[in-house]
Amino acid sequence: MQGFDFSVLMPVYIGNTGEEVGNALKSMLNQTLHAKEIVIVRDGPVNDEVAAILSDISIYPEVKLISLEKHRGIGAALSEGIKNCSFEWIARMDADDIAYATRFEETVNYLQSNPGLSLVGTYYAEKSDKGKNFVRKVPADFSKIIAFSKFRNPHSHPTVFYKKADIQDAGGYKNFYFAEDWHLWLRMFKKGYKSANIPKVLVYTQGQNYNRRLGVGALLNDIKAISVFLKEGLIGFHHFIANVVVRIVVRLMPFRLARIIYQNYLRSVTKD
């Protein structure tokens, strides 16, 4: 791992709590392999507790705080952050997630053993207060990632490491109907860049967020996003039709039924 320097990129916004941000930062600082720099993008105003944490953390020499005066959205915030990352490889992190202590070390080991990749993610877990982990498993092999990507996001965003130059060559992030990461991965694949996933949970978040994926608003964002995918040649027409049909059913179903499907079919359940 000698000579493998990388940046961490984490946006923070008004919706984050002090506890979340504190735990996320602690998990980054307590890694078995330390990042050379941690770039935090404050996307507009934050609450007083988060502001105090960011002020305190800024004393660490590896921390670089970028402040945006107004909230610009995650795509714009990440684009600004990437410009300020100093190293070839960037590890993404969200302010409401926690990285296992070996996340950076295990991912760097994987990258060094698998040259030629532009993007590597891992499994991702959502922890409940009942001791259950709802694990989002994604394909490890690139050919399976490509097939999966036509219907669902093949990489869990907070888990990824990626090459700065390759991200920028694919056009970088755009504010894109809550699918800015999926859109970026598809554009990278179209450019010929390759990716993989480590079949292990190395990042987790507290709680479950399937409820925000329901309703007419979520459905309309989905349709807008996959319409652009089709227009840009990132998916085929049959993928588009299948995506629309499935999302109409899933986004508009009753909450209780959605929870059952989410927990039993879209996630694997494990115990702490």
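Couple of notes before you dig in:
- CD proxy at 222 nm, helix term only [per DSSP H run n ≥ 4: -39500 (n - 2.57); per residue of the chain; nearest 500]: -12000 deg cm²/dmol
- Helix axis angle, 74-83 relative to the chain longest principal axis, alpha carbon, degrees: 40
- Residue order, fewest to most beta carbons within 10 Å, for I226, I241: I241, I226
- Once Rg/Rh (Cα atoms, Kirkwood Rh) is calculated for the structure shown, the corresponding label among (i) 0.98; (ii) 1.02; (iii) 0.94 turns out to be (iii).
- DSSP beta bridges in the chain [antiparallel fraction, %, rounded to 5]: 40
- Gyration tensor verdict on segment 1-98 (Cα atoms; rounded if a/c is under 1.5, prolate if a/b is larger than b/c, oblate otherwise): oblate
- Applying 0.36 nm per residue to the separation of S227 and N114 and subtracting their alpha-carbon distance, the gain on full extension is 37.3 nm.
- Put in line by how crowded their Cβ is, counting other Cβ atoms within 10 Å and starting with the fewest, H71, H238, H155 read H238, H71, H155.
- Out-of-range pairs (alpha-carbon distance over 28 Å; input K164/K200; K132/K194; K64/K150; K164/K231; K132/K190; K64/K132): K132/K194; K64/K150; K132/K190; K64/K132
- Positive dipole terminus of the chain, leading residue within Q31, P199, I57 (C-beta point charges): P199
- Loop-located GluC sites (Glu not before Pro) in segment 1-106 (DSSP state not H, G, I, E or B) with no more than 15 neighbouring Cβ atoms inside 10 Å: E62, E69, E88.
- Anisotropy class assigned to segment 154-199 is oblate, per the alpha carbon gyration tensor with a/c at or over the 1.5 cut-off and a/b no larger than b/c.
- A Cβ-based charge dipole, computed about the Cα centre of the chain with Lys and Arg at +1 and Asp and Glu at -1, lands at about 1300 debye.
- Taking the C-alpha atoms only, the angle from helix 237-251 to the longest principal axis of the chain is near 80 degrees.
- K127/N30 FRET efficiency (R0 25 Å; Cβ-Cβ; nearest 0.05): 0.90
- Using Cβ point charges alone (K and R +1, D and E -1), the dipole size of segment 1-98 about the Cα centre works out to roughly 280 debye.
- Sorted by Cβ density within 10 Å, fewest first, the residues R103, R247: R247, R103
Bear in mind these aren't lab numbers, they're just calculated from the coordinates by the rules spelled out. A quick note: this is a predicted structure, and the numbers were derived from the prediction, not measured. No Cβ is skipped: glycine too gets one built from the backbone with ideal geometry, and neighbour counts run over all protein chains shown.
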